[in-house]
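Shown next, in structure tokens, is the structure this report addresses.
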């Protein structure tokens, strides 16, 4: 057995049999082989499995299940023929109800281990009504022979995709019209307005198939009855139906009053700001993405009590002189800048709603806020990404 010095690969792969004990952040099932901890893709806690170990270093090994010797009662047959090869979904082999339980468990463990919360107040996960056909934003790769598909996770190998089971049906309707015709392209992006039926498709595909409307500058989506313009470079939630529930949850947890000032940090195209503006006296929104702010200027046109700043959150927050009553933090995956958290503690809003797509950075930032005088009241996971290990959360904090 030889091991690569650069990436700790095992060549040829090692085959071991273990009993899986737990589920880990980022989706792998966890087992032990002597003194070594093994993280195995496509396993379920409680199973006895054969694992192909691909990498190993310092007592930790990474691999994938190649044979299930004693299956879990939660193991189901994956519906997608690409599952296990594509890599876009990691949990199709797990019954959906168990996926939800695992995600709750992962959030709780991250809050305990990283955040130091002994008994974290994790609420039951908000399940998706339909755990399939939910994704409204997909980016495909095109190969020289004109085929359209994905690059397999962890490799440079191309995989032709004729139907993605988590994609919106309108995306899947377009795929057969493109296969074999996109040889001069590199990537093709689809975005769908689920509540408006609008499509955003890039690049312009008129020469490939004129029946596919493409080349748009932007599209529109509606959340809780409010209409938003979204450009290609702007972020927007990939699960529209769950985005409705996410905004409702933030609105309910903040319990806003008409005389109050709300700060919406990392405000994007203005989703929270626009929907919550009628409930408060003033909204201060902060976003550094130029494309998102351009969209937001259109979206806030009928909301005169919203003031938008195009800059970094950590640079704008210290400049706010008036009292801040409530705050929304919705940072990217890496979490909040340390300077931003320091300023939040200084300006001391009475309530905070922290929206996160990464429970590890959420746990880290919640610990900083707790040490700065905030009580963690509740963390509610929302399943924005069924069939995957990804987790969205809304954490609610109150000033002690």
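Bear in mind that the values in this text are calculations on the coordinates, not laboratory data. Please read all numbers here as calculations on a predicted model, not as lab measurements. Every residue, glycine as well, gets a Cβ built from its backbone with ideal geometry; the counts of neighbours run over all protein chains shown.
Conditions (1) under 24 Å from residue 332 (Cβ atoms); (2) under 25 Å from the mean Cα position of the chain (by Cα); (3) surrounded by 24 or more Cβ atoms within 10 Å (Cβ to Cβ), marked per residue:
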position: 251; (1), (2), (3): yes, yes, no
position: 254; (1), (2), (3): yes, yes, yes
position: 260; (1), (2), (3): no, no, no
position: 263; (1), (2), (3): yes, yes, yes
position: 269; (1), (2), (3): yes, yes, yes
position: 276; (1), (2), (3): yes, yes, no
position: 280; (1), (2), (3): no, no, no
position: 285; (1), (2), (3): yes, yes, yes
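Can you spot a residue in region 220-238 that is in a helix (DSSP H, G or I) and out of contact with any helix residue (DSSP H, G or I) (no Cβ under 7 Å at 6 or more places or on another chain)?
no
Confirm whether residue 284 is without any contact (Cβ under 8 Å) to a residue 60 or more places away in the chain and either out of contact with any strand residue (DSSP E or B) (no Cβ under 8 Å at 6 or more places or on another chain) or part of a helix (DSSP H, G or I) (or both).
Values: without any contact (Cβ under 8 Å) to a residue 60 or more places away in the chain: yes; either out of contact with any strand residue (DSSP E or B) (no Cβ under 8 Å at 6 or more places or on another chain) or part of a helix (DSSP H, G or I) (or both): no.
For residue 284, the condition - without any contact (Cβ under 8 Å) to a residue 60 or more places away in the chain and either out of contact with any strand residue (DSSP E or B) (no Cβ under 8 Å at 6 or more places or on another chain) or part of a helix (DSSP H, G or I) (or both) - is not met.
Which one of the conditions (1) crowded, with 18+ Cβ neighbours inside 10 Å; (2) over 30 Å from residue 133 (Cβ atoms); (3) in contact with a strand residue (DSSP E or B) (Cβ under 8 Å, 6 or more places away or on another chain) does residue 363 fail to meet, given that it meets all the rest?
(3)
Considering region 136-173 alone, what residues qualify as being free of Cβ contacts under 8 Å to residues at least 60 places away in the same chain and loosely packed, with under 15 Cβ neighbours inside 10 Å? If you could, list the steps in order and put the result at the bottom.
Initially, region 136-173 is screened for residues free of Cβ contacts under 8 Å to residues at least 60 places away in the same chain, giving 138-149, 151, 155-158, 160, 162-163, 167-173.
Hits for region 136-173 are 139, 144, 145, 155, 156, 157, 162, 163, 169, 173.
Could you say which residue among 334, 323, 319 is in contact (Cβ under 8 Å) with a residue 60 or more places away in the chain and surrounded by fewer than 16 Cβ atoms within 10 Å (Cβ to Cβ)?
323
Taking residue 103 as meeting all but one of (1) surrounded by 15 or more Cβ atoms within 10 Å (Cβ to Cβ); (2) part of a loop (DSSP other than H, G, I, E, B), write down the number of the exception.
Tallying (1) surrounded by 15 or more Cβ atoms within 10 Å (Cβ to Cβ); (2) part of a loop (DSSP other than H, G, I, E, B), residue 103 fails exactly one: (2).
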